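A.B. asks: The structure that follows is given in the form of structure tokens.
Any read-out appearing in this document is the output of simple, stated calculations on the displayed coordinates, not a laboratory observation. A quick note: this is a predicted structure, and the numbers were derived from the prediction, not measured. In this analysis, Cβ positions are derived from the backbone assuming ideal geometry, glycine residues included, and neighbour counts consider all displayed protein chains.
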Amino acid sequence: SMAEKGGYKHFMLKEIHEQPRAIADTIRGRVLPDASKVVYKELGISFEDLALTQRIYLVACGTSYHACLIGKYMIENMAETPVEVDIASEFRYRNVPFEEGSLFIAITQSGETADTLAALRFAKKSRVKTLAICNVVGSTASREADGVFYTHSGPEIGVASTKAFTCQIVALYLLTLAMAKAKRIFTADLYSGFLRHLIMLPRMAEEALKLEDKIMELAKEVYRKQNFLYLGRGPLYPVALEGALKLKEISYIHAEGYPAGEMKHGPIALVEEGFPVVFIVSDDLYFDKTLSNMQEIKARDGFIITISDSKDEKLKKLSDRFIYVEGINTYLNTVLFTIPLQLLAYHVAVLRGCDVDQPRNLAKSVTVE
Ligand code: G6P
């Protein structure tokens, strides 16, 4: 009914709009009110274990796998610790030779995904320390892992994951900062600067949601397209993957996410007049590189949709449609830029008459192999 959807037409839309609250709930109790410190006992892993971790394995399926990819950029850059990311159905059969000091992290909204559980069990059997980043309290993953970091997204009903994903990113950001601190990589100032950014996130997510009218207009222009390409670099590459997955899952439009720098090795062959390419680009070290990728698409008359926190004139001129999103920092922008992409997928799917909350052939959690 409309009532259980909080007045929204679909659970997915309700859950997209719940993100500022869900993020605040995931942060609450884990950062001191003055933003000076992470509260270690709320992370599912101790200060000592974080300090001793030499290598991290991040393993998941679906949207949770995209959170793992974002985690790799965060942990390697900020906590200076090597990270391996894998899809659970691959990892479980790979016979990974773990080294001393490894930490295995399973990311799973439901805590019941069969492949993710098998990967977790393999790590446990190998006597590696394990942590689950999980949303469902009391789920199998939360019971079996040595420690659990609960995202407090609240129940997610829509099959396509939205608020669980952005809260997984928040969890990884907190773990990264805690690890950087435990390893004495961050000065107190740097550390509390990044924490102050995090505390801004719920309010900034609220701002990003205000783009909905603009996104609806865009959806009307593009909902009949057959194919989409999503491109980004660095931490925004997994955001491109997630944007494409959301569209594919609920609108059945073929969509591909790619690292922008790799497009010349394949996807550019698809680009012809009017071919929609969504660029996710931030005012960071990748900016100029992505701009030159945009020029390549422009030269082939592709239809460029840009999601960015930059107001650069060249960027705007290259874009056929430009969605400005207020940013915070390279890592947290992954959350803020995901929001308009979720809204785009949602509104395109509605215009195409698709069953948004129950897309064909998909399940909320895949408990068989
Ligand atoms: C299914 C869902 C996805 C989800 C994936 C992993 O494919 O449709 O939305 O991302 O499972 O689920 P998990 O509960 O392990 O995060």
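A.B. asks: Any idea what the alpha-carbon Rg over 2.2 N^0.38 Å comes to for the stretch 85-175? Spell out each step's value before the answer.
C.D. replies: Numbers: Rg = 12.8 Å, N = 91, 2.2 N^0.38 = 12.2 Å.
Computed over Cα atoms of the stretch 85-175, the ratio equals 1.05.
A.B. asks: A follow-up question, please. Can you compute 3J(HN,Hα) from phi for each residue in the stretch 176-189, using the Karplus curve 6.51 cos²θ - 1.76 cosθ + 1.60 with θ = phi - 60°, rounded to whole Hz and x for Gly and Pro?
C.D. replies: 5, 5, 4, 6, 4, 6, 4, 8, 6, 8, 8, 6, 4, 5
A.B. asks: On to the next question. Would you work out the relative contact order for the stretch 2-134, in percent, from Cα pairs under 8 angstrom that are 6 or more residues apart?
C.D. replies: 21 percent
A.B. asks: With equal scatterers on the alpha carbons only and no solvent term, can you work out the Debye log10 of I(q)/I(0) for the stretch 250-299 at 0.32 1/Å?
C.D. replies: -1.45
A.B. asks: I've got another one for you. Taking Cα pairs under 8 Å and at least six residues apart, what relative contact order does the stretch 289-345 come out at, in percent?
C.D. replies: Computed value for the stretch 289-345: 27 percent relative contact order.
A.B. asks: Have a look at the stretch 14-98 and give its Rg and Dmax from the Cα atoms, expressed in angstrom.
C.D. replies: 15.5, 45
A.B. asks: Where a Cα-Cα gap under 19 Å defines reach, which lysines qualify for Lys220, not counting those fewer than 8 residues away within the same chain?
C.D. replies: Output for Lys220: Lys9, Lys210, Lys246, Lys248.
A.B. asks: So who's got an amide H within less than 5 Å of the one on Phe322, skipping anything under 5 residues away but keeping other chains? H placed 1.01 Å off N, in plane.
C.D. replies: Thr306
A.B. asks: Show me the ranking of peptides 355-366, 44-55, 10-21 by mean Cβ neighbours inside 10 Å, starting with the highest.
C.D. replies: Most protected by this proxy first, the peptides run 10-21, 44-55, 355-366.
A.B. asks: Turning to a different aspect of this structure: Return the distance in nm (one decimal) between the two label points of a simple spin-label model at Leu52 and Lys183, each offset 7 Å from Cα along Cα→Cβ.
C.D. replies: 1.6 nm
A.B. asks: Provide the net charge surrounding Ser110, with neighbours chosen by a C-beta distance below 10 Å and charges set as Lys +1, Arg +1, Asp -1, Glu -1.
C.D. replies: Computed value for this residue: -1.
A.B. asks: So how far, in whole Å, is the C-alpha centre of the stretch 158-200 from the one of the stretch 217-247?
C.D. replies: Measuring centre to centre over Cα atoms gives 25 Å.
A.B. asks: Please turn the phi angles of the stretch 49-57 into ³J(HN,Hα) values with the Karplus equation 6.51 cos²θ - 1.76 cosθ + 1.60 (θ = phi - 60°), one per residue in order, whole Hz, x for glycine and proline.
C.D. replies: 5, 5, 5, 8, 5, 9, 7, 10, 10
A.B. asks: Mind pulling up the Rg/Rh value for the chain? Radius of gyration and Kirkwood radius, both on Cα.
C.D. replies: For the chain, the value is 0.95.
A.B. asks: For Tyr230, which sequence-distant residues (separation of 5 or more, or a different chain) have an amide H within less than 5 Å of its own amide H, given hydrogens modelled in the peptide plane?
C.D. replies: The list, which skips near neighbours in sequence, is Glu256, Gly257, Tyr258, Val278.
A.B. asks: Sticking with this one: Using the Karplus curve 6.51 cos²θ - 1.76 cosθ + 1.60 with θ = phi - 60°, what ³J(HN,Hα) values do you get for each residue of the stretch 245-261, in whole Hz, with x for Gly and Pro?
C.D. replies: In residue order, the calculated couplings are 5, 4, 5, 4, 4, 10, 10, 6, 7, 5, 9, 10, x, 8, x, 3, x Hz.
A.B. asks: What's the ranking of 135-143, 344-352 by average number of surrounding C-beta atoms within 10 Å, highest first? Walk me through the intermediate numbers first.
C.D. replies: Working: 135-143: 18.6, 344-352: 23.0.
Averaged packing, sorted descending, gives the order 344-352, 135-143.
A.B. asks: Would any residue of the stretch 151-179 have its amide N under 17 Å from a label point 7 Å out along Cα→Cβ of Glu42? List them or say none.
C.D. replies: Those under the cut-off are 151-154, 167-179.
A.B. asks: Leaving out same-chain residues fewer than 8 places away, which aspartates and glutamates sit with a Cα under 18 Å from that of Lys317?
C.D. replies: Output for Lys317: Glu273, Asp283, Asp288, Glu296, Asp301, Asp309.
A.B. asks: Could you give the length gained by full extension between Ser126 and Arg224, i.e. 0.36 nm per residue of separation minus their alpha carbon distance, to one decimal place?
C.D. replies: Gain on extension, Ser126 to Arg224, equals 30.3 nm.
A.B. asks: Can you show me the helix-derived [θ] at 222 nm for the chain, built from DSSP H runs with n ≥ 4 at -39,500 (n - 2.57) apiece and divided by the number of residues, rounded to the nearest 500.
C.D. replies: Rounded to the nearest 500, it is -14000 deg cm²/dmol.
A.B. asks: Also: Do the alpha carbons of any pairs in Lys14/Lys311; Lys14/Lys364; Lys125/Lys364 sit beyond 20 Å of each other, and which pairs?
C.D. replies: Flagged as over cut-off: Lys14/Lys311; Lys125/Lys364.
A.B. asks: Among the lysines, which fall within straight-line cross-link reach of Lys129, defined as a Cα-Cα distance under 23 Å, with same-chain neighbours fewer than 8 residues apart omitted?
C.D. replies: Lys41, Lys72, Lys181, Lys183
A.B. asks: Val137 to His254: FRET efficiency via 1/(1 + (r/R0)^6), r the Cβ-Cβ distance, R0 41 Å, to the nearest 0.05?
C.D. replies: Details: r = 37 Å, r/R0 = 0.89.
Computed FRET efficiency for Val137 and His254: 0.65.
A.B. asks: Here is a further query. Would you mind calculating the gained length between Glu84 and Leu190 on full extension (0.36 nm times residue separation, minus the Cα-Cα distance), in nm to one decimal? Provide the component values of the computation, followed by the final result.
C.D. replies: Details: separation 106, 0.36 × 106 = 38.16 nm, distance 2.56 nm.
Stretched fully, the Glu84-Leu190 segment lengthens by 35.6 nm.
A.B. asks: For Arg360 and Asn95 in the same chain, what is the full-extension length gain: residue separation times 0.36 nm, less their Cα-Cα distance, in nm? Intermediate results must be reported in sequence, preceding the final value.
C.D. replies: Details: separation 265, 0.36 × 265 = 95.40 nm, distance 3.39 nm.
In short, 92.0 nm is gained.
A.B. asks: Can you tell me the relative contact order of the stretch 157-273? Whole percent, Cα pairs under 8 Å, sequence separation 6 or more.
C.D. replies: Working: 74 pairs, mean separation 21.7, N = 117.
Here the relative contact order equals 19 percent.
A.B. asks: Checking the a/c ratio against 1.5 first, then a/b against b/c, what shape does the Cα gyration tensor give for the stretch 219-327? Don't skip to the end; give the middle numbers.
C.D. replies: Working: a/c = 1.36, a/b = 1.28, b/c = 1.06.
Here the stretch 219-327 falls in the rounded category.
A.B. asks: Moving to a separate point now. List every residue whose amide H lies under 5 Å from the amide H of Cys61, counting only residues 5 or more places away in sequence or on a different chain, with H placed 1.01 Å from N in the peptide plane.
C.D. replies: Amide H to amide H, under 5 Å and 5 or more residues apart or across chains, Cys61 pairs with Ala88.
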